[in-house]
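Chemist: The structure's right below; bear with me while I get my questions together.
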Amino acid sequence: MPTSICRSRCSRSCRRWSATGTPSTDSSRTGSSRRSSINAFDTSLSVGRLCTDEVRLAQAADDFGHCVSARPAAVVVPGSTAEVQGVISYARTRGLRVAARGAGHSTYGQSQCADGIVLDMTGLRAVHEVAADRVVVDAGALWSDVVDASLTRRLTPPVLTDYLGTTVGGTLSVGGFGGASHRHGAQTDNVLALEVVTGTGTRLTCSATENRELFDSVRGGLGRFGVITRATLSLTPARERTRWYRIWYDDLAFFLADEQRFVDEGMYDHVQGRIIPAADGTWRYRIELARHYTRRQPPDAAGLFPACGRARDVEQAEDLVHADFINRMAAGESRLRAAGDWFRPHPWLNVLLPAHATAAFVRSALAGLTVDTLGRSGLVMAYPVPTARLRTPFVRTPAATTAFMFALLRTTAPGTERSAVSANRSLYERALAVDAVAYPVNALPMSAADWRRHFGPRWHDFVQAKHRFDPHGVLTPLEHETR
Ligand SMILES: Cc1cc2nc3c(=O)[nH]c(=O)nc-3n(C[C@H](O)[C@H](O)[C@H](O)COP(=O)(O)OP(=O)(O)OC[C@H]3O[C@@H](n4cnc5c(N)ncnc54)[C@H](O)[C@@H]3O)c2cc1C
């Protein structure tokens, strides 16, 4: 099992944390007194590896977005579910807040926790068991860990995000969309069971048939009801190879209509679309289609090669080993790291648009965008997902048969993130005007009223679940958004 970040990076300043401390529900303490109380605890209950050094706190006060920063009082790297329970019980009795953190690839402080405790879930990263139709993993496992283990048995999760460096717990807390979502929904729709530590410190297992309310709350629950410690995920047979087509368009309407057509026809395992700035200041549109296959049964090129009369160009299909297709972002990540763009601010905005409103919305969003405001490594995506496939109650969808995931993935220069975030807010309000919903991984200030609107008819369930599973408000990431 890989060692935790904390163990490897700050072994001198991290130590085992044992605590009972004086129980207190006084949540009005200042951050510094909270910090000193965390340093001054006494012994008996083992709750994991504690880090209070400045380097570690600064890491936990940052994320992939680099747009907001909230410094915790401590970071704890749990080594077991019991240690997660210990941290939550300790925090509850002291009036401290806790945020679970996966890989920290949020863009607006979703896994930060001002003056509280950040639980670095990468301490729990084991893949326990791969069976014919499922895999049991710790929530801090990266999706690349899951793929590495499952592909050795020629199996794969039905839906993968484009990037595999996020954790299982991190994407199950938001949704998890990818090019196979048109067939299989979000990653939250492909979970068989979860182990969760609720805000009361109770360890429970849940599934569609056991503790259903908890199961429906933590999937897409943004870490507000419980900390996912272990997940049983569906697996399906993996093919050996992937044939990958890219089809270019000059016209947004044709691009969107053909994406919808490819989804309706159901011939492709992967359907996504990208919107790319052209040198002349206009935009080009690219549908990406993939078909997975075994060596013995290669796809029939004639039957598969798309008849796209309205396309400008169909690129020669690329044939890849399936594992390379799944991991296709790895090379891009290395390039972005080398160029420094990986470490720049990422004020991202993702919304799910009702299909009928997508063309007009995307057109207006692109009208306000330039290569400069998008950033040299920025990306725009738009792809359809039939909403019937999205069955996780807290993963919200617009009231339409098909939703288009529209992702405006900007990389900006340091210092300009504030204006990008306020541009996100304006665009979000325009999206709301066409009955879109946010995919809540955004660099976007959301008020309590925004969250109520976001959850819509599910708001009551959301409030009930909070009362039931986290009655003391221990698990309150995003607190800055609901003030
Ligand atoms: C390069 C890149 C590409 C991406 N591509 C996609 C994509 O293709 N599709 C897609 O859907 N998303 C994509 N995302 C978004 C990403 O999936 C989400 O931001 C995800 O939440 C990040 O996971 P993480 O492990 O980094 O979690 P974090 O950012 O650390 O946490 C995210 C949220 O989950 C909560 N959380 C984390 N772990 C747990 C746990 N164990 N139990 C309970 N709550 C927990 C946190 O408190 C927080 O609210 C991408 C992000 C990046 C940076």
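Chemist: What number of residues within the stretch 406-436 are open to solvent by less than 30 Å² (accessible area, probe 1.4 Å) and farther than 19 Å from R453 by Cα?
Modeler: 9
Chemist: Still on this model: Since Y439 meets every condition but one in (1) more than 15 Å from the ligand (Cβ to nearest atom); (2) within 19 Å of T188 (Cα to Cα); (3) not charged (D, E, K, R), which condition does it not meet?
Modeler: Among (1) more than 15 Å from the ligand (Cβ to nearest atom); (2) within 19 Å of T188 (Cα to Cα); (3) not charged (D, E, K, R), Y439 violates only (1).
Chemist: Among L408, L427, which is part of a helix (DSSP H, G or I), over 22 Å from R219 (Cβ atoms) and touching a helix residue (DSSP H, G or I) at 6+ places or on another chain (Cβ under 8 Å)?
Modeler: It is L427.
Chemist: Also: Do you know which of the residues in the stretch 468-482 that are in a helix (DSSP H, G or I) and at pLDDT below 95 is farthest from P445 (Cα to Cα)?
Modeler: Filtering the stretch 468-482 for residues that are in a helix (DSSP H, G or I) and at pLDDT below 95, the one farthest from P445 (Cα to Cα) comes out as E479.
Chemist: Let me ask something additional. Just to check your reading of the model, which residue among L151, L142 is touching a residue at least 24 places away in the same chain (Cβ under 8 Å), open to solvent by 10 Å² or more (accessible area, probe 1.4 Å), aliphatic (A, V, I, L, M) and within 11 Å of the ligand (Cβ to nearest atom)?
Modeler: Answer to the selection: L142.
Chemist: Okay, next question. Which members of the stretch 121-132 meet the condition of being more than 9 Å from the ligand (Cβ to nearest atom) and under 18 Å from the mean Cα position of the chain (by Cα)? Explain how you work it out, then say what you get.
Modeler: Filtering the stretch 121-132 down to residues more than 9 Å from the ligand (Cβ to nearest atom) leaves 123, 125-132.
Within the stretch 121-132, just R125 meets the criteria.
Chemist: Here's a follow-up. Kindly list the number of the only condition in (1) in contact with a Leu (Cβ under 9 Å, 6 or more places away or on another chain); (2) in a loop (DSSP other than H, G, I, E, B); (3) among the charged types (D, E, K, R); (4) modelled with pLDDT under 95 that fails for R71.
Modeler: (4)
Chemist: Grab the strands (runs of 3 or more DSSP E) fully contained in the stretch 271-365, keeping just those with 2 or more residues being open to solvent by 20 Å² or more (accessible area, probe 1.4 Å) and either hydroxyl-bearing (S, T, Y) or at pLDDT 90 or above (or both).
Modeler: Working: elements: 283-293, 313-321, 349-354.
Strands (runs of 3 or more DSSP E) meeting the threshold: 283-293, 313-321.
Chemist: Looking only at the stretch 100-111, which residues are over 18 Å from R125 (Cβ atoms) and near the ligand (Cβ under 6 Å from one of its atoms)? Walk me through how you get there before you give the answer.
Modeler: Kept after step one, since they are over 18 Å from R125 (Cβ atoms), are these residues of the stretch 100-111: 106-110.
Result: S106, Q110.
Chemist: For L214, work out the one condition from (1) under 17 Å from A139 (Cβ atoms); (2) within 10 Å of the ligand (Cβ to nearest atom) it doesn't fulfil.
Modeler: (2)
Chemist: Next question. Would you mind finding the one in V87, V135, V76, V68 that is of a type in the set (A, V, I, L, M, F, W, C), more than 11 Å from the ligand (Cβ to nearest atom) and open to solvent by 30 Å² or more (accessible area, probe 1.4 Å)?
Modeler: After ruling out the rest, the residue left standing is V68.
Chemist: Would you check if R49 is outside any helix (DSSP H, G or I), surrounded by fewer than 23 Cβ atoms within 10 Å (Cβ to Cβ) and modelled with pLDDT under 95?
Modeler: Against the criterion (outside any helix (DSSP H, G or I), surrounded by fewer than 23 Cβ atoms within 10 Å (Cβ to Cβ) and modelled with pLDDT under 95), R49 qualifies.
Chemist: Here's something else I'd like to know. Select the strands (runs of 3 or more DSSP E) contained entirely in the stretch 198-259, then report the ones holding at least 2 residues which are modelled with pLDDT under 95.
Modeler: 241-249
Chemist: A follow-up question, please. Is one or more of the residues making up the stretch 292-301 outside the structural domain of R97 (by TED's automatic domain parsing), among the small types (G, A, S), farther than 20 Å from A403 by Cβ and free of Cβ contacts under 8 Å to residues at least 60 places away in the same chain?
Modeler: Within the stretch 292-301, one or more residues are outside the structural domain of R97 (by TED's automatic domain parsing), among the small types (G, A, S), farther than 20 Å from A403 by Cβ and free of Cβ contacts under 8 Å to residues at least 60 places away in the same chain.
Chemist: Just one of (1) under 30 Å from A126 (Cβ atoms); (2) in the same structural domain as F361 (by TED's automatic domain parsing); (3) in contact with an Asp or Glu (Cβ under 6 Å, 6 or more places away or on another chain); (4) not charged (D, E, K, R) trips up H270, so point out which.
Modeler: (3)
Chemist: Out of the stretch 437-468, which residues are of a type in the set (A, V, I, L, M, F, W, C), in contact (Cβ under 8 Å) with a residue 40 or more places away in the chain and open to solvent by 10 Å² or more (accessible area, probe 1.4 Å)?
Modeler: V437, V441, F462
Chemist: I would also like to ask the following. Taking the stretch 162-197 only, how many residues are more than 9 Å from the ligand (Cβ to nearest atom) and either part of a helix (DSSP H, G or I) or over 18 Å from G140 (Cα atoms) (or both)?
Modeler: Total meeting the criteria: 8.
Chemist: Hey, any hits in the stretch 447-467 for a residue that's assigned to a loop (DSSP other than H, G, I, E, B), closer than 25 Å to G368 by Cα and in contact with a strand residue (DSSP E or B) (Cβ under 8 Å, 6 or more places away or on another chain)?
Modeler: No, because not a single residue in the stretch 447-467 is assigned to a loop (DSSP other than H, G, I, E, B), closer than 25 Å to G368 by Cα and in contact with a strand residue (DSSP E or B) (Cβ under 8 Å, 6 or more places away or on another chain).
The values are calculated or read from the model by the stated rules, or taken from the named source; none is laboratory data. Note that this is a predicted model, so its numbers are computed, not measured. For neighbour counting, all protein chains shown are included, and Cβ atoms are generated from backbone atoms with ideal geometry for every residue, glycine included. Note: areas computed on protein heavy atoms with side chains; ligands, DNA, RNA excluded. Shrake-Rupley method; radii C 1.70, N 1.55, O 1.52, S 1.80 Å.
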